[in-house]
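The values are calculated or read from the model by the stated rules, or taken from the named source; none is laboratory data. Given the structure is predicted, the values throughout are model-derived calculations rather than measurements. So basically every Cβ, Gly included, is an ideal-geometry build from the backbone, and we count neighbours across all protein chains shown.
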C-alpha cells in the first residue's frame, strides 16, 4: 500500500512537471472560429486533472470537412500547424510521411499520460479514422507518436486550405474544420 501511494505521488509529480514545461513551450496563438493557415495553439496552464484522448472522428459537411478530438478530462494544451514538407520529426528522428494527402497538418497535444487509460482508448477499434478518407479537403488522420506526455497526430490534406478551431465542453472536444 505504501509503495502504491509513493508510485501514485511520483506519477502525479511527473504529470505536473510536464504540464508546467509544456505550458512554457507554447502560447496562445490564433483566434477561435477564424479561418487561418497559420499556426494555432492554446496553453490552458497546468492540468488539475489528466486529459486522455478518447476518440478521433472525421466528417464531411457542405462547405468544410471536420476532425473532432474528444477527451476524458479537460482539453489539454496543444499546437496545430502545417508542415513545410512530407517530413515529420519526433524524438526518434526524421521520417517521411506515407499517408494519403499532399499537405500535412501536425497536431501536438501536451501532457497526455500514456497509461492504462490512454492505452485502452488508443487500442479501441475505431479510435482514429483509418485509410484514405477521400473527403474534399481531408484525406487522412493518424496518431503518429506518444512519448513522455506528448501525443502527435498527422492530418493529411488535399491542399493547404484554411482551418478554424473550436473548443467545446460536455464532453471536452477540440474541433478543427477545413474549408473546401
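Might you check whether a residue that is more than 17 Å from the chain's Cα centre (by Cα), at pLDDT below 95 and not in a strand (DSSP E or B) occurs anywhere in the range 86-93? Yes: the range 86-93 contains one or more residues that are more than 17 Å from the chain's Cα centre (by Cα), at pLDDT below 95 and not in a strand (DSSP E or B).
Results for (1) over 24 Å from residue 89 (Cα atoms); (2) within 16 Å of the chain's Cα centre (by Cα), shown as yes or no for each residue.
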{"site": "127", "(1), (2)": "no, yes"}
{"site": "138", "(1), (2)": "no, yes"}
{"site": "141", "(1), (2)": "no, yes"}
{"site": "155", "(1), (2)": "no, yes"}
{"site": "158", "(1), (2)": "no, no"}
{"site": "162", "(1), (2)": "no, no"}
{"site": "172", "(1), (2)": "yes, yes"}
{"site": "179", "(1), (2)": "yes, no"}
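Working only within the range 40-54, note down all residues that are out of contact with any helix residue (DSSP H, G or I) (no Cβ under 8 Å at 6 or more places or on another chain) and either on the phi > 0 side of the Ramachandran plot or assigned to a loop (DSSP other than H, G, I, E, B) (or both). Answer for the range 40-54, where residues must be out of contact with any helix residue (DSSP H, G or I) (no Cβ under 8 Å at 6 or more places or on another chain) and either on the phi > 0 side of the Ramachandran plot or assigned to a loop (DSSP other than H, G, I, E, B) (or both): 48, 49, 51.
Does any residue of the range 98-113 turn out to be in a strand (DSSP E or B), touching a residue at least 24 places away in the same chain (Cβ under 8 Å) and farther than 16 Å from residue 39 by Cα? Within the range 98-113, none of the residues are in a strand (DSSP E or B), touching a residue at least 24 places away in the same chain (Cβ under 8 Å) and farther than 16 Å from residue 39 by Cα. In the range 107-117, the residue that is modelled with the lowest pLDDT out of those that are surrounded by fewer than 19 Cβ atoms within 10 Å (Cβ to Cβ) and in contact with a strand residue (DSSP E or B) (Cβ under 6 Å, 6 or more places away or on another chain) is 114. Is it fair to say residue 120 is modelled with pLDDT of 95 or more and either in contact with a helix residue (DSSP H, G or I) (Cβ under 8 Å, 6 or more places away or on another chain) or under 28 Å from residue 46 (Cβ atoms) (or both)? So residue 120 fits the description; yes. Among the conditions (1) out of contact with any strand residue (DSSP E or B) (no Cβ under 6 Å at 6 or more places or on another chain); (2) in contact (Cβ under 8 Å) with a residue 40 or more places away in the chain, the only one that residue 178 does not satisfy is (1). The residue pairs whose first member lies in the range 61-81 and is without any contact (Cβ under 8 Å) to a residue 24 or more places away in the chain, whose second member is part of a strand (DSSP E or B) and surrounded by fewer than 17 Cβ atoms within 10 Å (Cβ to Cβ), and whose beta carbons are closer than 7 Å, counting only pairs six or more residues apart or on different chains, do not exist in this structure.
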